[in-house]
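Read the structure below first, then the notes.
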Amino acid sequence: MRPESNVRKRDKFIRWSAFILSVIVLIWATLGVNINFGELIAGISSIVNIFGLMFPPDMSYLSNTLVRMMESVTIALLGTAIGSVLAVPVAFIAAQNLFASSFVSWLGRQILNAIRTFPSLILAVFFVASFGPGQLAGLLAVGIHSTGMLGKLYTDVIEDIDTGPISAMEASGANKLEVLWYAVFPQILPEFIATSIYRFEINMRASTVLGLVGAGGIGVILSQALNYRRWPVVGIALIVIVIGVTIVDYSSAYLRKKIV
Amino acid sequence: MIVVSSNSNFDVSKIPRPNKSLKRNWTIGLLIAFAFLVYSARNTGFNFNTVADGLPDFFRLIRQMYPPKWATFPSLIEPFIETIQIAIVGTFIGAVIAIPVSLLAANTVNKNNKLYLVSKFIMNLIRTVPRILYAAVFVAAVGIGPFPGVIALIFFSLAIVAKLTSESLEAIDTGPIEAIETSGANKLEVILYSVVPQIAPSYISYSLYVFEVNIRTSTVLGLVGAGGIGQTLMTSLNLFMYQRAATIIVATFALVIIIDLVSTKLRERLI
């Protein structure tokens, strides 16, 4: 009985010190961002007020907003396509079970990790600085970021494949290309496509934001409207974003269910 | 007279055959996707020339950023601390508000169907809009600084933690709830003694996960004026202080990786 109660005591001690530590951290953080309860309430009420000002939304901007939303859709779609294509070779290199030596695959994984740490918004800032404002910068940002994300997920898919068919084909004298075509691709292709479609959902959200840093899409309208505090225009832009993203979410979920 | 037994009405045409329409659907689908891609490429001006034109500028930018100037690091400590503080406060307040909301959005606890559907709908609605857009809207509403960033994170953390927790709540063992109910406990006692013990570890784990996400987000909140290190990055770029920008980026990576490691370790211990 003794040792058990000691463990219990230690557990309790750890729990309490964790609790006290988090309270201290919390107080420190709250003081740091300079928020007190009154301010919080005032801020939230002014934000609720803003949502009120957005209605009724400015319908005269609807067509303009839809055009920009299509821009966002094309950025997301093409960016996903670029990422899906570029990610395939990188994933084959980074996967540890197929070809590459362990050093090369390690290198491949590190490259993917490095790309992934850049949020697409930061990439967009840099591409806007070098390619000028517009859709192209946004497209490149989404494309590069997706390459990192999809490369990682593709690598996982490749590492999970069943090696039975591969050894069977190799034993029957197939060359590398035939093995890839008949034993590897049929296993990974549906997963790759489903992963890319899921990525498209995420990229769709990202591409609505890019315009805030000048990289095209519906964010451009939002950014201008916010600068001039034209709330009804913000309202219509938000409505179009919510509807567009929802449509993309549902159709993507439907497609993924069909594929896998 | 031949007696037709039940298993003799065998029809050759009922044997499943390789599906021809499946192949056709795939081909049509791929063609449509390809046509749309070509259209998109033309629309966005994405072609070899435009990319090749911009690349030299891009590499010049990268060259100007190298090497990061670590002498500027002391001036970055304060915005970094602000970044962490925004994430902590946003996550905490959001996660606390998420507790009652997740109870409303779980049909094992909340038996009122209308209230249940409404709260599910609102949470889905909140999650459709990207976090940065909230931040941008709130900056326009209450002014530049960490405050709109915190509120944006509260919003988003609330929606995600409440969604995940309510899903766990819907999967809990209802045995203890019924047992305590039959022994005459009121709603609060039911929640306190049969729901909370089952849900607490996953709730804390979700909150930690959202904290990781929020740290990442709060590093870019500043790009739209919502405080933290992103704002310093934006000013550095606008003032062409590229080496300082490089320092910020490297340090941001380090921060994100450290937080991820710590949070993953904590979550592993919890579950």
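Every test in (1) within 30 Å of residue B:208 (Cα to Cα); (2) at pLDDT below 80; (3) surrounded by fewer than 16 Cβ atoms within 10 Å (Cβ to Cβ) is passed by residue B:78 save one, and that test is (2).
Inspect segment A:25-35 for any residue being more than 8 Å from chain B (Cβ to nearest Cβ), surrounded by 12 or more Cβ atoms within 10 Å (Cβ to Cβ) and more than 19 Å from residue B:266 (Cα to Cα) and give the result as yes or no. Within segment A:25-35, one or more residues are more than 8 Å from chain B (Cβ to nearest Cβ), surrounded by 12 or more Cβ atoms within 10 Å (Cβ to Cβ) and more than 19 Å from residue B:266 (Cα to Cα). Could you list all residues from segment A:228-244 that are assigned to a helix (DSSP H, G or I) and within 7 Å of chain B (Cβ to nearest Cβ)? Passing the criteria: A:234, A:238, A:241, A:242.
Restricting attention to segment B:104-118 and to residues that are surrounded by fewer than 21 Cβ atoms within 10 Å (Cβ to Cβ) and modelled with pLDDT of 85 or more, the residue that is nearest to residue B:209 (Cα to Cα) turns out to be B:104. Identification of helices (runs of 4 or more DSSP H) wholly contained in segment A:135-218 with 2 or more residues that are of a type outside the set (Ser, Thr, Tyr), in contact with a Gly (Cβ under 9 Å, 6 or more places away or on another chain) and more than 21 Å from residue A:120 (Cβ to Cβ) yields no element. Taken residue by residue, segment B:127-139 has no member that is part of a helix (DSSP H, G or I), more than 12 Å from chain A (Cβ to nearest Cβ) and either buried (at least 21 other Cβ atoms within 10 Å of the Cβ) or not β-branched (Val, Ile, Thr) (or both).
Every test in (1) within 13 Å of another protein chain (Cβ to nearest Cβ); (2) free of Cβ contacts under 8 Å to residues at least 40 places away in the same chain; (3) not small (Gly, Ala, Ser) is passed by residue A:89 save one, and that test is (1). Only residues that are more than 9 Å from chain B (Cβ to nearest Cβ) and among the small types (Gly, Ala, Ser) were counted across segment A:172-227, and they come to 11.
The values are calculated or read from the model by the stated rules, or taken from the named source; none is laboratory data. What you see is a predicted model, and the numbers here were worked out from it, not measured in a lab. Note that we place each Cβ from the backbone using ideal geometry, even for glycine, and neighbour counts take in every protein chain shown.
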